[in-house]
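Notes to accompany the following structure.
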Amino acid sequence: MWNVTIKGLLAHKLRLGLTALAIVLGVTFISGTFILTDTLHNTFTELFANIYSKIDFQVRGVAQLGTGGNAVRNELPESLLATVRGVPGVAAADGQVTGYAQFISHDGKAIQTGGAPTLAVSFNPDPQFSSLHLIAGGPPTTSHDVVMDAGTAQKYDFSVGQQVRVLTAGPTQTFTISGIAEFGTANNLAGATLAAFTLPTAQAIAQETGQLDDINVVTEPGADKSAVQQAIDKVLPPGVEVVTGQTVVNENTNSVDQALGFFNTALLVFAFISLFVGAFTIFNTFSIIVGQRTRELALLRIVGANRRQVFRSVLGEAAITGLVSSVIGLGLGVLAALGLQALLRGFGISLPPGSLVFEPRTAVVGLLVGVGVTVVAALGPARGAVRIPPVAALDDRRSGPTASLRRRFIAGTALALVGVIMLAIGLAKPAIALVGVGAVAIFLGAATLAPAIARPLSSVIGRPLARLFGEPGKLGRENSMRSPRRTAQTAAALMVGLALVAAISVFGASVSRSATSSVDQAVSADLIVTPTGAGELSNSATSIASAVPGVTATTTVYGGQFEFQDTLSKLAAVSTNNLASTVMLRMTSGTPAALDSGELLIDSTTAQNKHLAVGDTVPARFALTGPTTLRIGGIYQANALIGSYVVSSAFFLSHYPVQPPGALLLRTSSTAVDTAVTSALAPFPNVQVQTRAQYDQAQVSAINQVLGLVYALLALAVIIAAIGIVNTLMLSVFERTREIGLLRAVGMRRRQVRTMIRSEAVILAIFGAIIGIIIGTGMGIALVASLKNQGITDTVVPFSRLVIFLVLAAVLGLIAASWPARRAAKLDVLAAIAAE
């Protein structure tokens with residue numbers, strides 16, 4: 001039977017090759033995802049190891065909020081540096097400061113990093129501590145000097161001795177480039193820009209005069225490191241700790257791994273969607289092949305093959321197909337990783353460069369998933385093969401027994417109901433795993449039920465084609481109606497792809513509408529001033545904007561983190577003088593005046609979920625001032641600008657270190673004043689001034705950018721669905737070779753044959769698209785309904801966009817039919833008539 005399996009594969013190379021392509025693409029996506037995330041993990045691991053490999057210990061503030069590399073810690077007094085240096089066994093100690101500094105390019109624009117930070121750091125020329133090493137010029141020696149990272153200098157054509165303007169939390173300053181440095185062996189810090197200053201200058205820029213972020217320590221050769229650590233710990237004041245350099249490396253690496261875990265999971269979800277769609281193609285292909293080999297399999301039974309051997313033969317073909325496909329997919333994974341990097345870069349997400357990493361786990365997962373999906377998808381056809389009776393070899397039946405429509409209807413209905421229930425529970429909890437399982441069950445149920453409506457729906461879809469193309473269109477319609485199971489199975493792959501696209505479309509349209517209405521219900525200011533990219537809004541910019549004649553009201557907005565009832569949360573703060581003129585606080589109880597008394601306002605969703613009311617006192621904790629209690633002074637309806645918690649700016653600044661505001665809201669007397677504000681802030685290229693309408697549009701554009709990325713990732717699933725249509729039509733042409741030959745013999749022209757095949761493809765594509773769009777729209781509406789408490793208040797069904805998807809599906813069907821149609825039209829008439 002092994003020889004029979006191999007010969008079966010060789011006899012169906014083209015048909016199985018198209019099936020293999022679906023698995024190749026899915027495994028390529030999976031392996032590319034693992035390669036990309038492993039590469040990023042390795043890049044950041046090496047980065048942190050490079051930073052801290054030269055130090056033995058780090059003295060830092062105890063974590064006040066959060067844990068590990070994401071913890072919020074208080075600064076250290078600079079006087080502590082001398083104390084640490086005096087500990088026996090300490091060879092050297094150096095304090096460092098990090099803040100915000102953004103270079104301005106020669107064309108006057110702020111240099112953007114695509115999400116990476118723009119850092120001001122203190123420069124230490126001692127190679128014991130610094131990962132920066134100069135490749136040109138020298139270290140900063142005065143308050144007017146700066147060292148620029150080599151990546152920025154090369155990209156923006158800066159050199160030693162040139163002047164460069166630098167944006168800071170204070171006023172914009174001009175510095176002389178004293179040197180250009182690499183970070184370790186790279187030309188920058190994982191995509192970030194680095195502006196290195198003398199320690200006093202860095203402290204002034206970071207607004208940490210007389211303070212340090214942390215102190216790095218190197219011990220004397222041969223010193224007992226454990227004893228030195230204990231000695232350092234004894235001289236530290238309360239709230240300060242000493243940890244090993246490796247501890248710092250581990251904490252930062254774990255923080256990056258957590259962030260990459262979400263990124264990795266998101267990409268793998270799209271990869272498994274593609275494989276799930278591919279499973280329908282595999283199932284359909286093997287079902288048709290088994291049907292076409294009815295006589296062959298029956299003859300095997302006659303000459304002695306038992307059911308188990310036939311079953312193993314079909315699964316063997318599937319396993320070999322999956323194995324070969326998976327190996328090819330693994331090989332293409334490197335290209336996929338590069339493609340994913342380019343795709344993310346195209347949507348404004350910059351990733352740090354690094355050598356590609358191929359872990360053994362990538363190969364194991366890729367092979368297991370690829371082979372597993374192929375074999376599981378082939379189980380149904382393999383079971384059908386063993387039910388073919390030996391007598392089928394005598395009467396030349398073309399297909400084996402099939403399940404009754406009644407059983408199919410019961411099974412499909414049950415699956416769909418279970419899926420709907422699991423999806424509802426998953427959205428309500430929320431539990432993403434239940435959502436995924438519920439969606440899969442809904443798709444399987446719909447695919448099981450689809451044959452029941454395939455014949456009538458194909459008839460309706462095909463009627464216009466029959467009128468338009470005459471007899472070829474009529475024959476294409478009848479071919480689709482003749483085998484409702486095959487029509488449904490072929491359309492199922494496209495159904496899944498377009499269902500997900502439709503669900504995302506409904507979700508995206510609802511989010512966009514909700515974002516616009518939320519801003520309109522949150523802000524009454526005429527202008528909204530915010531920083532761009534990784535920039536910060538300096539106090540100088542806010543002072544200049546507020547002083548423009550015609551500005552009638554200003555509100556400064558701050559943001560930070562705090563612990564609320566032992567949960568790390570975001571806190572907003574607003575200046576209260578002109579609050580009613582710029583912010584729409586729709587109070588359900590209490591009054592905004594409570595802000596002036598140092599009380600906390602919360603939104604109604606938080607109040608409901610946490611069972612809070614005006615007058616309640618709740619525990620809170622701030623990084624700078626420690627634990628305290630806050631009184632609830634008012635409850636307001638959801639506000640997109642300030643979020644769930646808000647206090648006055650005076651209260652905020654008394655509990656946080658000095659920091660720039662996050663936004664400035666301005667009320668103006670005329671549009672001419674709007675122009676004057678924009679002109680006044682022109683010296684700050686990292687600041688954008690937007691009207692409320694422009695701010696709305698920016699929010700929608702950001703949402704559409706994310707949706708565009710999702711659509712691009714879902715495109716692979718749709719491509720695999722198109723491959724399924726190509727495969728089915730190719731098998732259909734092979735199966736109907738004699739029929740096509742007879743049609744040609746009685747006068748059908750090649751062009752008419754092509755039209756017939758294309759009509760069938762369009763019907764298949766539209767059939768799958770209609771079911772998919774209906775299911776996807778329902779799922780999108782359910783998703784939006786489950787998120788009403790999260791600020792998605794409007795449910796929007798974008799009918800015009802869904803119609804466009806339907807038209808694109810028809811076009812996709814035409815494209816998919818091109819090759820099979822040409823192949824059918826080129827059949828030799830005499831050879832086709834003589835075919836069995």
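Check each of the trypsin sites (Lys or Arg not before Pro) in the range 53-109 and keep only those in coil by DSSP with at most 15 other C-beta atoms within 10 angstrom; list them in order. The partial results should precede the final answer.
Working: sites: 54, 60, 73, 85, 109; in loops: 54, 109.
Passing both the DSSP loop test and the Cβ count: 54, 109.
Counted residue by residue at 0.36 nm each, then reduced by the alpha carbon distance between them, the extension gain from residue 581 to residue 335 reaches 83.1 nm.
Just tell me, in residue order, which DSSP H segments of the chain are both 20 angstrom or longer along the helix axis (alpha-carbon based) and at least -1.0 in mean Kyte-Doolittle hydropathy. Write down the numbers at each step before the final one.
Numbers: long enough: 13-52 (56 Å, 0.99); 245-292 (67 Å, 0.95); 307-346 (53 Å, 1.04); 360-386 (37 Å, 1.42); 405-428 (34 Å, 1.63); 432-469 (47 Å, 1.51); 484-520 (51 Å, 0.76); 692-735 (63 Å, 1.25); 750-786 (54 Å, 1.25); 799-825 (38 Å, 1.51).
Qualifying helices, which must be both long enough and hydrophobic enough, are 13-52, 245-292, 307-346, 360-386, 405-428, 432-469, 484-520, 692-735, 750-786, 799-825.
Phi angles across the range 147-156 convert, under the Karplus curve 6.51 cos²θ - 1.76 cosθ + 1.60 with θ = phi - 60°, into 3J(HN,Hα) values of 9, 9, 5, 5, x, 5, 4, 5, 5, 10 Hz, Gly and Pro given as x. Of all DSSP-defined beta bridges confined to the chain, some 80% are antiparallel rather than parallel. With a Förster radius of 45 Å applied to the C-beta separation of residue 616 and residue 424, the computed FRET efficiency comes to 0.85.
In what order, largest first, do 321, 516, 629 sit by accessible area if the probe radius is 1.4 Å?
On the way: 321 15, 516 40, 629 90 Å².
Per-residue accessible area, sorted high to low, gives 629, 516, 321.
Which of the three applies to the range 716-755, rounded, prolate or oblate, going by the alpha-carbon gyration tensor with a ≥ b ≥ c and a/c under 1.5 meaning rounded? It comes out oblate by the Cα gyration axes.
Subtract the Cα-Cα distance of residue 471 and residue 698 from 0.36 nm times their separation in residues, and report this length gain in nm to one decimal. Walk me through the numbers on the way to the answer.
Working: separation 227, 0.36 × 227 = 81.72 nm, distance 5.26 nm.
Separation in residues times 0.36 nm, less the Cα-Cα distance, equals 76.5 nm.
Within the range 139-288, what percent of beta bridges assigned by DSSP are antiparallel, to the nearest 5? List each step's numbers first, then the result.
Working: 8 of 13 bridges.
Antiparallel bridges make up about 60 percent of those DSSP assigns within the range 139-288.
The range 709-779 and the range 793-836 have Cα centres spaced 4 Å apart. For residue 569, the solvent-accessible surface with a 1.4 Å probe is about 20 Å², rounded to the nearest 10. Checking the a/c ratio against 1.5 first, then a/b against b/c, what shape does the Cα gyration tensor give for the range 534-663? Verdict is oblate for the range 534-663.
Measuring nothing but protein heavy atoms, the accessible surface of the chain at 1.4 Å probe radius is 61 percent carbon and sulfur.
Please compute the per residue accessible area over the chain with all protein chains in place, 1.4 Å probe, rounded to a whole number of Å².
Numbers: 35500 Å² over 836 residues.
Dividing the accessible area of the chain by its residue count gives 42 Å².
Ligands, DNA and RNA aside, residue 474 has an accessible area near 80 Å² when probed at 1.4 Å.
The values are calculated or read from the model by the stated rules, or taken from the named source; none is laboratory data. Keep in mind it's a predicted model, so treat the numbers as computed, not measured. Virtual Cβ from ideal backbone geometry, glycine too; neighbours counted across all protein chains shown. When the accessible area is computed, the model is the full protein with side chains, heavy atoms only, and any ligands, DNA or RNA have been set aside. Shrake-Rupley method; radii C 1.70, N 1.55, O 1.52, S 1.80 Å.
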